[in-house]
Amino acid sequence: MDMHRFLNRKLIIGAVVVGLLAAGGYYTFVPRQKPLSQLFVTEVIKRGPLTQTVSANGTLNPVVVVNVGSRVSSTVKQIYADFNDKVKKGQILLRLDPTVFQAQLNQAKADEANAQAVLDLARANERRAQELYDKHYVSRQALDTAIQARKSAQAQLELAKAQVSSDAINLGFTVIRSPVSGVVVSRDVDVGQTVAASFQTPQLFKIAQDLTKMQIDSSFAEADIGGIRVGQAANFTVDAFPGITFHGTVRQIRLNPTVQSNVVTYDVVIDVNNPDGKLLPGMTAYVNVITAQLKDVLSVPNTALRFRPAKDVPIQQEQGRERPRGEGMRGTVYVLGSEGLIPVPLLLGATDGNSTEVVAGDIHAGEAVITDTASDVGAAGRSHRIRIH
């Protein structure tokens, strides 16, 4: 009997120890339940200003760029302007070798002198023929022949004069002058280079008429072009001056689309003032066009619009939260309820990338919306920690 009681007592003590160990392990490894407010990150929504922008990249260019070319073919003899030089209208930029054109002009002048001599002789013959005809010494046919020879000689003289004028103009084309006042932004020839103008006008210089007035040629996606209007303000930055924001104005939305890999973009031209000359042609500009600027609107964080609760989170449908009516972009945010999360449908408007305007919806300034799950809520313990009784 004593042995039997001793064994029973050991079994009872062992059972109690196992029970205590199991209870300790439960409280050690099973997470304790937390209040609902500690399981999610929230943010209070508020009223205030909101600026909506659309973004694109573009290239800075002078507003007016004149390509200076040559109308005659020859060899570059002298260059009088280089990159970044300021030039005035009519200033000599370059001289081509005039030897061939001078020779052609000299020949044309000689032909003109010869034609003049032929005309002088033809006029003298006409006068003599007229005198002889008046005295009935020659026939009418002889007089007509003398008149026709004079007219032909006169026509040949006019042709020779035209050739002289043409050759003189071509000789003048060997001196390349600036058509406008501005800054040389490109020089595409060197001394000794042959300029061939047989098929198309060769480009010798590019002159920017005024670098204090620049423009950005930017490409906006078709999804954004609907919100852009002429006269809207634009802000942009360039890599050369990090931290500095420059300003401009939309001047033109070009209707000719560009299609690459089924992506449609439109060229938007933005006027930029450049009084100190910081901005240079060819710089890449990162442009934001302001499409909406609202002063006092109710807005919700975009993180709240992106938040979606896990499948095991209880959803509470609260009475009185009505679905907004109207056309437009829709979204849903979640707020904390007494027994779970309450979805609030919204009708949305403008966005600045961080917050979005609430056009309609049963939500008010001062309410807290859920933006994320608390970082200390692990996936393994979520079902225990968010269970609400």
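Numbers for the structure displayed
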| read-out | value |
| --- | --- |
| So Glu327, is it loosely packed, with under 12 Cβ neighbours inside 10 Å and without any contact (Cβ under 8 Å) to a residue 24 or more places away in the chain | yes |
| Where Val54 falls short, out of the listed (1) part of a strand (DSSP E or B); (2) loosely packed, with under 14 Cβ neighbours inside 10 Å | (2) |
| Extreme residue, modelled with the lowest pLDDT, among residues of the stretch 200-259 that are among the hydroxyl-bearing types (Ser, Thr, Tyr) and in a loop (DSSP other than H, G, I, E, B) | Thr201 |
| Residues (in contact (Cβ under 8 Å) with a residue 24 or more places away in the chain, out of contact with any helix residue (DSSP H, G or I) (no Cβ under 8 Å at 6 or more places or on another chain) and farther than 13 Å from Ile370 by Cα) located in the stretch 293-312 | Gln293, Leu294, Lys295, Asp296, Val297, Leu298, Ser299 |
| Selection within the stretch 169-226 - surrounded by 14 or more Cβ atoms within 10 Å (Cβ to Cβ), over 20 Å from Gly69 (Cβ atoms) and of a type outside the set (Val, Ile, Thr) | Asp210, Leu211, Lys213, Met214, Gln215, Asp217, Ser218, Ser219, Phe220, Asp224 |
| Search result, residues across the stretch 229-268 that are free of Cβ contacts under 8 Å to residues at least 40 places away in the same chain and surrounded by 14 or more Cβ atoms within 10 Å (Cβ to Cβ) | Phe246, Gly248, Thr249, Val250, Arg251, Ile253 |
| Residues of the stretch 330-342 classified as surrounded by 17 or more Cβ atoms within 10 Å (Cβ to Cβ) and not in a loop (DSSP other than H, G, I, E, B), total | 7 |
| Filter result for the condition that a residue is among the β-branched types (Val, Ile, Thr), assigned by TED's automatic domain parsing to the domain that holds Val44 and within 36 Å of the chain's Cα centre (by Cα), over Val369, Val344, Val358, Val335 | Val358 |
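The values are calculated or read from the model by the stated rules, or taken from the named source; none is laboratory data. Owing to the predicted nature of the structure, the values given are computational and were not obtained by experimental measurement. All Cβ positions, even for glycine, are placed from backbone atoms using ideal geometry, and neighbour counts span all protein chains on display.
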